[in-house]
1. Test residue 127 against the stated conditions and say whether it is modelled with pLDDT of 95 or more, in contact with a strand residue (DSSP E or B) (Cβ under 9 Å, 6 or more places away or on another chain) and over 30 Å from residue 178 (Cα atoms).
2. Kindly indicate whether residue 168 is charged (D, E, K, R), more than 29 Å from the chain's Cα centre (by Cα) and surrounded by fewer than 11 Cβ atoms within 10 Å (Cβ to Cβ).
3. Of the residues 88, 122, 136, which single one is more than 30 Å from residue 170 (Cβ to Cβ), hydrophobic (A, V, I, L, M, F, W, C) and touching a residue at least 60 places away in the same chain (Cβ under 8 Å)?
4. Having 1 or more residues that are more than 24 Å from residue 41 (Cα to Cα) and in contact with a helix residue (DSSP H, G or I) (Cβ under 9 Å, 6 or more places away or on another chain) is the bar; report the helices (runs of 4 or more DSSP H) wholly within region 80-186 that clear it.
5. What are the residue pairs meeting all of these: first residue in region 55-81, first residue without any contact (Cβ under 8 Å) to a residue 60 or more places away in the chain, second residue part of a helix (DSSP H, G or I) and among the hydrophobic types (A, V, I, L, M, F, W, C), Cβ atoms under 8 Å, and 6 or more apart or on different chains?
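The values are calculated or read from the model by the stated rules, or taken from the named source; none is laboratory data. Since we're looking at a predicted model, the values are computed, not measured. For neighbour counting, all protein chains shown are included, and Cβ atoms are generated from backbone atoms with ideal geometry for every residue, glycine included.
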Amino acid sequence: MIRIALRLTLLAASAGLAACASRGPVTTGSTYPMTVPERHPIVLSDSPRNLDVFVTGTGHIDPRQADDVDGFLTEYRRYGRGVLVLEVPRGSQVAGGAVGRTLERLRARALARGVGPREIVVAPYPVADAAVSAPVRLSFQRMQAKVAGACGLWPQDLGVTNAGFNTRNEPYWNFGCAMQSNVASQVADPVDLVRGRQEGRIDTVIRTQNLIDLRTGKDPSTTWKQDGRASVKNQVAQ
């Protein structure tokens, strides 16, 4: 009898395990992304960087645009990938001599700032409207931060037609997209969004003075005087 009872117990346990094993995987629906980084993540990708230099006068680079070109060349030397492309308009109302002189001045400026001759490529581009001023366009590829998707999308109706979405009180899809785009466009080095930088060298003079102040019982904080007579600490204490 004991053996029969033991066999029945084992059979019941096996049947229970088989019933559990026969069940399929539980599938759950996707959850709505509640946070801004989930809806509009910032990604790093290679994309073109452009600068339009308008032809002025007889083909010189005015001081205003010269500063822009210098900053653009510095960015290319630091972050650029591939070649520096100088695109020349074809079919514009600007005289060809002025365009050619502007191109040569841009090339000379790039060479003077460390860009190699083999890194400069000149290519034409067609002008769609001859009545519009066509610039000489500088471009190169670099890694940039940007939002993965497009802003301005409204998949939900914020009015009365989507009552289910309104009753859940969830953030609408486009919320935070413009902020993410502004943050991505203002970052000088996109790698800073991935990881922090290494710790730099310490200021030994200031650190030594702080240690001396602590050992002598003085306050090591910096005293900032607004009018030369009172410090910020005294003003806050009042």
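1. Working: modelled with pLDDT of 95 or more: no; in contact with a strand residue (DSSP E or B) (Cβ under 9 Å, 6 or more places away or on another chain): yes; over 30 Å from residue 178 (Cα atoms): yes.
Judged against the criteria, residue 127 is not a match.
2. Criteria met by residue 168.
3. 136
4. Hits in region 80-186: 96-112.
5. These pairs meet every condition: 57/98; 58/98; 59/98; 59/99; 61/69; 61/106; 73/110.
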